[in-house]
Amino acid sequence: MLKTFSAAAVLLGASLAAAAQPALVSYDSAAKTFRLDGGGASYVFGVNSRGELQQLYWGGRLGATDTFPQAAPLPEWASFDSSYNNTPQEYAGWGAGLFAEPALKVTFADGNRDLVLHYASHTVKANGFDVVLKDVKRKVAVTLHYSVDPESGILARWATIENGEALSVTVEQAAAAAWALPPAHYTLNYLTGRWAGEWTLNQEAVRQGARVIESRRGSTGHQANPWFAIAAGAAQEEQGEVWFGALAWSGSWRITVEQDQLDQVRVTGGFNPFDFGYVLHPGQTLETPIFYGGYSANGMGGASRLLHHFELAHVLPRTAATEGQPLPRPRPVIYNSWEATEFAVTEAGQMELAEKAAALGIDRFVMDDGWFGQRKDDHAGLGDWYVNKEKFPNGLKPLIDKVHALRMDFGLWVEPEMVNPNSDLYRKHPEWVLNFPQRPRTEQRNQMILNLARPDVRAYVLGFLDKLLTENDIAFLKWDYNRNWSEPGWDQLAPAEQKKVYVEFTRNLYAILAELRHRHPKVEIESCSGGGGRVDLGILRYTDEVWPSDNTDPFDRLTMQDGFTYAYTPQVMMAWVTDSPHWLNKRTTTLTYRMLSSMQGSLGIGANISKWSAEEAATAKTLIAAYHQVQPTIVQGDLYRLISPQDGSEFSATQTVRADKGQSVVFAFIHSTQEKRGFPRLKLKGLDPAAQYTISPIEGKALAGSPEAASGAWWMNHGLEMDADFRGDF
Ligand code: GLA
């Protein structure tokens, strides 16, 4: 059931909304402390008496005049844990008896592996600092970059490592940042999954030892996502302190959450040190990814609302149409043909689907896999990015023209980093794939991975995509990536240098995306990797949306979407309505249920709509029109999880509130009611208590038991009552 609320009166609260406080960045030269304030958070660190950079405070915003004394290193613990090991450092080198996770570990040309970083200098920037650390003996310098978002208090932290030695240095481990929390009881939240089962929210007590969440796969991965949230005590949805972070990197990554022998908690994240080795020649630098971190005093819900807004305002890219706008535009409602046709795309078939899609009120028509090379199934064609003449005798233009005539824009599926051995490209360039010479080349889904770190491969990929976008009026690319790495060799380089592939591959991916956006500023891009295998704040700087999962079962999606939105804004969460019974679980659901499940994110239709009845088409058309009306509130408003769908819950419900509090949308779902239980009364959140809100049910009938209009205070304190007959399955 979808209910919309509109404020009938001018909102009193709107004029009271305070402008964001200016970011406060201050350095106390007497105490040698650095302080960053933004939103409801403060972050403080300082130079301790030994010269190390020590974390001092991360939490709720402190008073403007509050100060800290100079940081004091923690004492030695008997003779087994040195002061260096016990002291929570901002960026600890591995040396001097460090047993905690190091931020940086290097090997020098002479075999020395000891690295102890001390403060050297700093510069104050508009919203942050650059702090330079240097090894106590050798010319290795690290610049720690800090910047704070004045509105949310979310910090961006990353590091640049520079080799000033006369000989090369190998970086074996490099974090973007380390975060620290004092001893207390905490709950760690993190997301794991698998293909067709992404976005499982895990919650566990933080205990002594380390919990490692990571990808060794060369890309972000379905199996774990680079996001964490640590709650004080038990994690609660709307109460309590939460510290959270997200790593902006789409290559192999690692986040280590460890509680040390003194119960202190440290979170260290960056490049995955597994199989890592980045040679820095004299004068060279290595820049790490960004590790964002934030603090909320309003529970897990508060943490995700901060992240959502931050992602919309500061991470997601802009197109020509939204350049300079405060937020990117909500996603067009798409139709995608994949589940309807799989590889059997033809000009006539796509045109027929396009006509049906246009009649539903779809904004964008996307042709998926199967249109290029000798692509009849997943055994051939990847790498050959020319139009298949049997399927499209006159190229893509007739289809694109037809889609435009139907007042939709056109999108196309590509998988640029991949190659089938059965392709012209592989026959011509077998040396282009990731491989170790004279070793087997493991295939997955019958494909191998082009080594995007190679300059020639980078140029090829950029070249064919640029040509495709130049020659065709394409508004959107669904950029797929359907396997993980094996044999990650880069045989153009000397053996010691080859592990650079872990950094350069991902950097070249970003560079290609950035260049394409620059050359084609109207084009929008989706990050897909067999579903949600490449979703992170790194790729989201260059892509407008993501495909969270190949699992489109509308009931499974409720829990997946719940997990997803802890880390990512609903705006990027594409959600297609597909056919019932669903191919994965054989579950039968009504079209309305499927539509409403998908309407919680950015709506799409992926069903075989040529088989839909007139009644189904009418239902979809009505709901798409309703969605268009309230979409900005759903995907850009403040999200409240009223009833969690996790753990087989009988019920679930979410609510979103527009920034001006003038509109709110509530979704309520039943799994299977038991023992004649009715839907719990929903106490809404985030409304203006003094404003009048009128219910606009999309069915056009009032909810029995609820007034048609009442104050925000009523909806929040008394709550919204569902119809008594709102019971059953799905
Ligand atoms: C992946 C994607 C699907 C579809 C297929 C096409 O599995 O996640 O949505 O595009 O590839 O081969």
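The values are calculated or read from the model by the stated rules, or taken from the named source; none is laboratory data. Source: prediction; values computed, not measured. All Cβ positions, even for glycine, are placed from backbone atoms using ideal geometry, and neighbour counts span all protein chains on display. We work out accessible area using only protein heavy atoms, side chains counted, and drop any ligands, DNA or RNA first. Shrake-Rupley method; radii C 1.70, N 1.55, O 1.52, S 1.80 Å.
Observations on the model:
- Residue match in the stretch 605-616 (condition: within 27 Å of the chain's Cα centre (by Cα), in contact (Cβ under 8 Å) with a residue 24 or more places away in the chain and assigned to a loop (DSSP other than H, G, I, E, B)): yes
- Any hit, the stretch 332-342, residues being out of contact with any strand residue (DSSP E or B) (no Cβ under 8 Å at 6 or more places or on another chain), closer than 30 Å to Glu390 by Cβ, β-branched (Val, Ile, Thr) and within 16 Å of the ligand (Cβ to nearest atom): yes
- Reported count of residues in the stretch 217-256, each being over 18 Å from the mean Cα position of the chain (by Cα) and crowded, with 24+ Cβ neighbours inside 10 Å, is 2.
- Here Glu347, Glu431 are screened, and the one residue that is within 22 Å of Asn608 (Cβ to Cβ) and more than 15 Å from the ligand (Cβ to nearest atom) is Glu347.
- Selected residue [among the polar types (S, T, N, Q) and within 34 Å of the chain's Cα centre (by Cα)] from Thr33, Thr67: Thr33
- Residue, most open to solvent (accessible area, probe 1.4 Å), within the stretch 462-486, restricted to residues that are assigned to a loop (DSSP other than H, G, I, E, B), within 13 Å of the ligand (Cβ to nearest atom) and not aromatic (Phe, Trp, Tyr): Asn482
- Close pairs from the stretch 150-174: first in contact (Cβ under 8 Å) with a residue 12 or more places away in the chain, partner assigned to a loop (DSSP other than H, G, I, E, B) and of a type in the set (A, V, I, L, M), Cβ under 6 Å, at least 6 apart: Pro150/Ala20; Pro150/Ala23; Glu151/Ala20; Leu167/Ala109; Ser168/Ala109
- Every pair of residues 6+ apart whose Cβ atoms lie under 8 Å, when the first sits in the stretch 366-384 and is assigned to a strand (DSSP E or B) while the second is small (Gly, Ala, Ser) and near the ligand (Cβ under 10 Å from one of its atoms): Val366/Ser337; Met367/Ser337
- Scope the stretch 696-730; condition touching a residue at least 40 places away in the same chain (Cβ under 8 Å), more than 33 Å from the chain's Cα centre (by Cα) and in a strand (DSSP E or B); matching residues: Ala709
- Tallying residues that are open to solvent by 50 Å² or more (accessible area, probe 1.4 Å) and within 14 Å of Ser337 (Cβ to Cβ) within the stretch 387-405 yields 1.
- Looking only at the stretch 540-561, and only at residues there that are under 23 Å from Leu327 (Cα atoms) and away from the ligand (no atom under 15 Å from the Cβ), the one that is surrounded by the most Cβ atoms within 10 Å (Cβ to Cβ): Asp544
- Among (1) out of contact with any Asp or Glu (no Cβ under 8 Å at 6 or more places or on another chain); (2) away from the ligand (no atom under 16 Å from the Cβ), the one test that Leu537 misses: (1)
- The residues in the stretch 435-447 that are open to solvent by less than 10 Å² (accessible area, probe 1.4 Å) and away from the ligand (no atom under 15 Å from the Cβ) can be counted, and the count is 1.
- Verdict on Ala405 being modelled with pLDDT of 95 or more, out of contact with any strand residue (DSSP E or B) (no Cβ under 7 Å at 6 or more places or on another chain) and among the aliphatic types (A, V, I, L, M): yes
- Restricting attention to the stretch 406-416 and to residues that are in a loop (DSSP other than H, G, I, E, B) and buried (at least 19 other Cβ atoms within 10 Å of the Cβ), the residue that is nearest to the ligand (Cβ to nearest atom) turns out to be Glu415.
- The residues listed here are Leu360, Leu353; of these, the one that is over 30 Å from Phe505 (Cα atoms) and either more than 16 Å from the ligand (Cβ to nearest atom) or within 29 Å of the chain's Cα centre (by Cα) (or both) is Leu360.
- First in the stretch 336-365 and part of a helix (DSSP H, G or I) and open to solvent by 30 Å² or more (accessible area, probe 1.4 Å), second anywhere and among the β-branched types (Val, Ile, Thr) and within 16 Å of the ligand (Cβ to nearest atom), Cβ under 6 Å, 6 or more apart: Glu339/Thr578
- In the stretch 617-630, of all residues being open to solvent by 10 Å² or more (accessible area, probe 1.4 Å) and more than 23 Å from Ala340 (Cα to Cα), the one that is nearest to the chain's Cα centre (by Cα) corresponds to His628.
- Some residue of the stretch 491-503 being away from the ligand (no atom under 16 Å from the Cβ), without any contact (Cβ under 8 Å) to a residue 40 or more places away in the chain and outside any loop (DSSP other than H, G, I, E, B): yes
- In the stretch 110-149, residue surrounded by the most Cβ atoms within 10 Å (Cβ to Cβ) [restricted to those that are touching a Ser or Thr at 6+ places or on another chain (Cβ under 6 Å) and not hydroxyl-bearing (Ser, Thr, Tyr)]: Gly128
- The strands (runs of 3 or more DSSP E) located wholly in the stretch 120-194 that include 2 or more residues which are acidic (Asp, Glu) occupy 128-135.
- Filter result (more than 16 Å from the ligand (Cβ to nearest atom) and within 17 Å of Thr322 (Cα to Cα)) within the stretch 504-534: Ala514, Leu516, Arg517, His518, Arg519, His520, Pro521, Lys522, Val523, Glu524
- Whichever residue in the stretch 20-29 is part of a loop (DSSP other than H, G, I, E, B) and open to solvent by less than 90 Å² (accessible area, probe 1.4 Å) and, among such residues, is modelled with the highest pLDDT: Ser29
- Selection status of Lys586, at pLDDT 95 or above, on the phi > 0 side of the Ramachandran plot and open to solvent by 20 Å² or more (accessible area, probe 1.4 Å): yes
- So Gly164, is it over 20 Å from Gly269 (Cα atoms), touching a Lys or Arg at 6+ places or on another chain (Cβ under 7 Å) and surrounded by fewer than 19 Cβ atoms within 10 Å (Cβ to Cβ): yes
- When the criteria are applied in full, Tyr640 meets the requirement of being in contact (Cβ under 8 Å) with a residue 24 or more places away in the chain and under 20 Å from Gly662 (Cα atoms).
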